[in-house]
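To start, the structure under review is shown below, and the notes come after it.
The values are calculated or read from the model by the stated rules, or taken from the named source; none is laboratory data. Here the structure is a predicted model, which is why all the values come from computation and not from measurement. Methodologically, a virtual Cβ is constructed for each residue, glycine included, from the backbone with ideal geometry; neighbour enumeration extends over all protein chains shown. When the accessible area is computed, the model is the full protein with side chains, heavy atoms only, and any ligands, DNA or RNA have been set aside. Shrake-Rupley method; radii C 1.70, N 1.55, O 1.52, S 1.80 Å.
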Amino acid sequence: QAKMSRPVQARRLEGVDKNIWVEFVKLAATYSTVNLGQGFPDFPPPDFLKEAFTRALSGEKHMLHQYTRAFGHPPLVKILAQLFGKLLGRDLDPMTNVMVTVGAYQALFCCFQAFVDEGDEVIIIEPFFDCYEPMVKMAGGTPVFIPLRPKAPKEGKLMSSADWQLDPAELASKFSERTKAIVLNSPNNPLGKVFSREELELIADLCVKHDALCISDEVYEWLVYDGKEHVRIASLRGMWDRTVSIGSAGKTFSVTGWKVGWTVGPNRLLQHIRTVHQNSVYHCATATQEVVAQGFQREFEHYGKPDSYFVQLPKEMQQKRDQLVQSLVAVGMKPIVPEGTYFLVADISEFKSDVPDVPNSDEPYDSRFAKWMMKNKGLAAIPLSTFYCGPHKNNYNSFIRFCFAKEEATLKAADDILQKWKLEKTTP
């Protein structure tokens, strides 16, 4: 049997074959007793959704086990168009302004494949959800990075994710005639930053000025705390026609394993996303779309009322955030208090004596610290350097990201580990 002698060229995949999650999920499964690493809840979804799921699977609608419309199950795109039409203040056509995807992850992939060509630049705000960079590269584009820069908090105050800001002049300098798009993630993973209206207007003005698109990843749109407002950039002047907004049922209803996401935007953009979708994934699971549609129908009817899940979930999550903040402060890790999301970033500088630095190491300090913490303390978190491009990884290498979307017992177990650790540090 003749063997291939020529190496297989996969040019667009060069340098994007490594994935932090593969490594850290494996480590967490092997060593950690408490996993505050990967972003998923370990508490159940709301009862009304579980009941709808049971009905969908066991009921008379046997066609829910078959194909539905490729670009989104009709009941789901209809209710998404209704809800987001209300939120964006415009009439949306469910057939042309909404498309359902296999999670927000596929929505992102479709956007980059549809819009990014060889030589196009895509602006990415650091720290960023790590898939943006490889997805841009796989489409043939060039990522251009701009960091959120931390400003010192007021005396005696904990740092907030709001203290991490863009420099307006620096942002303006990143736009050029080669700029095809900017990726916006608000609320931001990993920091939990919720971009203010002023910050979004700055981005919007530059998009309009340079005729750039905006890929707006809004999967944490309902998880905003302390009375903060989630502003949708597509609602700002001049932005509807150039923005694709991306959402996630996983984050909205605490069902990350269902993998139902969507894109909302003008047909002039969504027509190209549909082309990528029909030539790759083509179709999403029918039954989960049916159930998510029922969940949204219920939320649409209860919108803004006390029994709305979109009202209850952020309240519960804010309490979980505050609980983890207290645990970290008590042991000397300095949390950056997030305004939204599942996540909280903490400064580990006080713990550097536990894990000595290795001079000239290729691996950022926070990555070695997170691995050491998993293996020696049984607590999993993700290094913040994961969310920076290669050349910038060592600029922000004394922080780790915790996920607080966890049951009371999980957060208590994490607190026990941290308290025991503190005791070991203070006992001679």
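Values computed for the structure shown
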read-out: The stretch 53-171: equivalent-ellipsoid semi-axes (sqrt of 5 x gyration tensor eigenvalues, Cα, Å); value: 37, 22, 15
read-out: When the stretch 201-273 is reduced to its Cα atoms, the Kirkwood hydrodynamic radius in Å; value: 13.4
read-out: Alpha-carbon centroids, the stretch 334-385 and the stretch 294-309: separation in whole Å; value: 38
read-out: Accessible area, probe 1.4 Å, largest first, for residues Y132, Y67; value: Y67, Y132
read-out: Total lysine pairs under 21 Å (Cα atoms) in the stretch 251-384, excluding pairs fewer than 8 apart on one chain; value: 12
read-out: Qualifying GluC sites (Glu not before Pro) for the stretch 20-85 [loop in DSSP, other Cβ within 10 Å: at most 14]; value: E60
read-out: Rh (Kirkwood; distinct C-alpha pairs) - the stretch 147-256, Å; value: 14.9
read-out: Estimated FRET transfer efficiency (S308, K420; beta-carbon r; R0 41 Å; 0.05); value: 0.55
read-out: Cα radius of gyration and Dmax for the stretch 290-428 (Å); value: 18.3, 60
read-out: Over the stretch 18-91: Rg over Rh, Cα atoms, Kirkwood Rh; value: 1.13
read-out: Added length on full extension, which subtracts the Cα-Cα distance from 0.36 nm per residue, D357 to H272; value: 25.8 nm
read-out: Mean Kyte hydropathy of -0.5 or more with a Cα span along the axis of at least 15 Å, helices from DSSP in the chain; value: 20-31, 47-58, 74-88, 103-115, 197-210, 309-331
read-out: Cut-off 16 Å (backbone N to label point 7 Å along Cα→Cβ of A330), residues of the stretch 403-425; value: 408-425
read-out: Lys/Arg +1, Asp/Glu -1 at C-beta; the chain dipole; positive extreme among P45, P187, P314; value: P45
read-out: Relative contact order, percent, the chain [alpha-carbon distance under 8 Å, six or more residues apart]; value: 23
read-out: DSSP bridge pairs, the chain: antiparallel proportion in percent, nearest 5; value: 50
read-out: Charge tally in the Cβ shell below 14 Å around F387, where Lys, Arg are +1 and Asp, Glu are -1, F387 excluded; value: -2
read-out: Inter-centroid distance (Cα atoms) of the stretch 138-174 relative to the stretch 216-267, Å; value: 21
read-out: Protection proxy ranking, peptides 307-319, 248-260, 199-211, average beta carbon neighbours within 10 Å, highest first; value: 248-260, 199-211, 307-319
read-out: Whole-percent carbon and sulfur share, accessible surface of the stretch 31-169, 1.4 Å; value: 55
read-out: Å² per residue, accessible surface of the stretch 40-179 at 1.4 Å; value: 46
read-out: With eigenvalues of the C-alpha gyration tensor scaled by 5 and rooted, the stretch 90-157, Å; value: 30, 20, 11
read-out: Magnitude of the charge dipole, the stretch 322-394, Cβ model with Lys/Arg +1 and Asp/Glu -1, debye to 20; value: 200
read-out: Stokes-Einstein D in µm²/s, Kirkwood radius over Cα pairs - the stretch 1-57 at 37 °C with 0.692 mPa s viscosity; value: 200
read-out: Dimensions in Å of the stretch 183-232 - Rg and Dmax from alpha carbons; value: 11.2, 35
read-out: Accessible area of the stretch 282-428 belonging to carbon and sulfur atoms, whole % at 1.4 Å probe; value: 52
read-out: All Cα pairs of the stretch 305-372, percent lying beyond 13 Å; value: 70
read-out: Listed residues T68, S32, L108: farthest to the positive end of the dipole of the stretch 18-131 (Cβ charges); value: T68
read-out: Shape call, the stretch 229-306: gyration tensor on alpha carbons, a/c limit 1.5; value: oblate
read-out: The stretch 299-357, accessible area per residue, ligands and nucleic acids excluded (1.4 Å, Å²); value: 41
